[in-house]
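Some notes on the structure that comes next.
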Amino acid sequence: KKVGLDLEWAIINSTGASGASATAREMRGFAYWATANTGSTATVAATALGSSTGEAAVNDVLQSLYDDGSPANTIMASSVNKRRIDIWTANGATRYVQTENKTLTSTINVYYSTFGPVELMLHTMVASDVVYAVDLDEFRISYLRKPKSYPLAKVGDSHRFQVLTEATLEVRNPLAIG
């Protein structure tokens, strides 16, 4: 489980290293590809994300991804930013309420933009100062060695083992994230 969580963190937050003579190579994750793709990034103050300005900035990124040929199908956000995006329903959006259920939903799970539906994904490993719009079909994990555990020397009653894996994020289209 720990290896899987470490791999997930690296896929989202790793900025990579080039592998110079004194530095080991590291995988580049969404954090690298989103900033390297300057044609598909927008700058907006974090507090403004819940406003129409923030919604416009997200739509600018969605448009840029659409124009680049990879329309986003997912927006990944931290809990703070997901709550800010949920405010968009209060900015004049139409709400559908069923009075029989006696419930009011003020969360957005699918955002319908001009560029198609986009699923909103709440993710604990996304930093609170970013929101990723991504076409997940253009990314996958590639393994050189799939995770496998190997036993180590037994000490007393303990069972020791190590888990080895070699993986990287395969990026089929570097313009598929903003």
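Okay, here's what the table says:
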read-out: Accessible surface, 1.4 Å probe, highest first, among residues MET76, MET121, MET27; value: MET121, MET27, MET76
read-out: Peptide ranges 159-168, 133-142 listed from the most packed, as the mean C-beta count within 10 angstrom indicates; value: 133-142, 159-168
read-out: Note, ³J(HN,Hα) from phi for the stretch 59-76, Karplus 6.51, -1.76, 1.60, rounded to Hz, x at Gly and Pro; value: 5, 4, 5, 4, 5, 4, 5, 4, 5, 7, x, 10, x, 5, 10, 8, 10, 9
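The values are calculated or read from the model by the stated rules, or taken from the named source; none is laboratory data. Predicted model, so just to flag it, every value in this text is computed and none were measured. Heads up, the Cβs are rebuilt from the backbone with ideal geometry, glycines too, and the neighbour counts pull from every protein chain shown. Accessible surface areas use protein heavy atoms only, side chains included; no ligands, DNA or RNA. Shrake-Rupley method; radii C 1.70, N 1.55, O 1.52, S 1.80 Å.
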